[in-house]
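The structure under discussion appears below in the form of structure tokens.
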Amino acid sequence: MTRARANLVLLACAAVWGLAFVCQKRAMVHLGPFLFIALRSLLACTALAPLALREWRQSGGPEHQSRFLRRSLYAGLAFFGGAALQQAGLVTSTVTNAGFLTALYVVITPLLAWLVLGQRPALWVWLAVALSFGGTWLLGGGGLAALSPGDLLVAASAALWALHVVLVGQAAGSGHAAAFTALQFVVVGLLAGAATLIWESLDLAAIQRAAPDVLYVGLLSSALTFTLLAVALRATRPAEASVLLSTESLFAALAAFVLLGERLPMIGWAGAALIFTATLVVHLPARRR
């Protein structure tokens, strides 16, 4: 895949994820967060199973498969943590706020790449951190105390989404995108299923009411896009990809405006603009090179 095609793929993924915020929000009317995550993971695993099994048979010897399993496990744990915090946050957070707060992972990604991979962040990153903090403050109406509990959970999930981007970037060179994605969702599904049995209840009628939203998130926003993400990251660096992926916040705001009638006050839009600006500023030096 060329870099230009990879960029288009990542932009398409961002659009799918932006609309998924609306589906996730609507599903919370009927389902608990863990049950929703378990269902989307089950759908994703089922959709990817045939291709994933074929890739697994071609994945090399036991040593390579062991390393592949470890990377899938770590990525799955990061995904589960991020999804659980985000989904629980969407119970009280608006789709617009959730979209822009999730975009904070773009700023956090290079900081985690520094800690995990030793890639020292440029000076621009620290400016982006300041912009994102100011944007979060304005998004909360001029004070962090004004953010809802759901907003804070979504903001916390951004750190785990950033870790997930770094881990997927490390594993992208394996060339087994479907198997890697399917194994991630096996981990996520098992953890979410166990949490559902402990803290939530199964309601078939509720699952039927939420079925369209679960299908969209499970098949398109999970199985398809995360496989494409693993493929596209072979042609670009995780930090650069996160800039394109951050446009999901714009798609989420547009979808919330059209489908849910959500509105932000001017101070909220100023905060959203600062957060989005931070996602662009964070990689200016890299793009110039």
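The values are calculated or read from the model by the stated rules, or taken from the named source; none is laboratory data. Note that the structure is predicted; figures quoted are calculated from it, not measured. Cβ atoms come from the backbone with ideal geometry, glycine included; neighbour counts cover every protein chain shown.
Among the residues examined, Ala210 qualifies as surrounded by 21 or more Cβ atoms within 10 Å (Cβ to Cβ), more than 18 Å from Cys45 (Cα to Cα), touching a residue at least 24 places away in the same chain (Cβ under 8 Å) and among the hydrophobic types (A, V, I, L, M, F, W, C). For the stretch 57-69, the criterion of a residue being closer than 29 Å to Pro149 by Cα, touching a residue at least 40 places away in the same chain (Cβ under 8 Å) and surrounded by fewer than 23 Cβ atoms within 10 Å (Cβ to Cβ) is satisfied by no position. The single condition among (1) in contact (Cβ under 8 Å) with a residue 12 or more places away in the chain; (2) surrounded by fewer than 23 Cβ atoms within 10 Å (Cβ to Cβ); (3) not in a helix (DSSP H, G or I) that Arg120 does not satisfy is (1). Residues that are touching a Phe, Trp or Tyr at 6+ places or on another chain (Cβ under 9 Å) and closer than 15 Å to Thr136 by Cβ within the stretch 85-105 comprise Thr96, Ala98, Gly99, Phe100, Thr102, Ala103, Leu104, Tyr105, listed in sequence order. Checked against the criteria, Thr92 does not count as among the polar types (S, T, N, Q), in a helix (DSSP H, G or I) and either buried (at least 24 other Cβ atoms within 10 Å of the Cβ) or modelled with pLDDT of 85 or more (or both).
The number of residues in the stretch 200-253 that are in contact with a Pro (Cβ under 9 Å, 6 or more places away or on another chain) and farther than 13 Å from Asn7 by Cα comes to 1.
Residue-wise test of (1) surrounded by fewer than 20 Cβ atoms within 10 Å (Cβ to Cβ); (2) among the polar types (S, T, N, Q); (3) farther than 17 Å from Cys45 by Cα.
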{"residue": "Leu191", "(1), (2), (3)": "no, no, no"}
{"residue": "Gly218", "(1), (2), (3)": "no, no, no"}
{"residue": "Thr225", "(1), (2), (3)": "no, yes, no"}
{"residue": "Leu233", "(1), (2), (3)": "no, no, yes"}
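Would you say Phe34 is under 20 Å from Ala192 (Cβ atoms) and part of a helix (DSSP H, G or I)? For Phe34, the condition - under 20 Å from Ala192 (Cβ atoms) and part of a helix (DSSP H, G or I) - is met. Scanning the stretch 252-289 for residues that are crowded, with 17+ Cβ neighbours inside 10 Å, in contact with an Asp or Glu (Cβ under 9 Å, 6 or more places away or on another chain) and either at pLDDT below 85 or hydroxyl-bearing (Ser, Thr, Tyr) (or both) yields one hit, His283.
Pairs are defined by a Cβ separation below 7 Å, a sequence spacing of at least 6 or placement on different chains, a first member in the stretch 10-24 that is buried (at least 22 other Cβ atoms within 10 Å of the Cβ), and a second member that is in a helix (DSSP H, G or I) and of a type in the set (S, T, N, Q); the pairs so defined are Cys13/Thr225; Trp17/Ser221; Trp17/Thr225; Ala20/Ser221; Gln24/Gln87. The criterion of at least 3 residues that are over 20 Å from the mean Cα position of the chain (by Cα) and more than 20 Å from Leu8 (Cα to Cα) is met, among helices (runs of 4 or more DSSP H) falling completely within the stretch 166-270, by 177-199, 204-209. The test for being hydroxyl-bearing (Ser, Thr, Tyr) and in contact (Cβ under 8 Å) with a residue 24 or more places away in the chain does not hold for Thr46.
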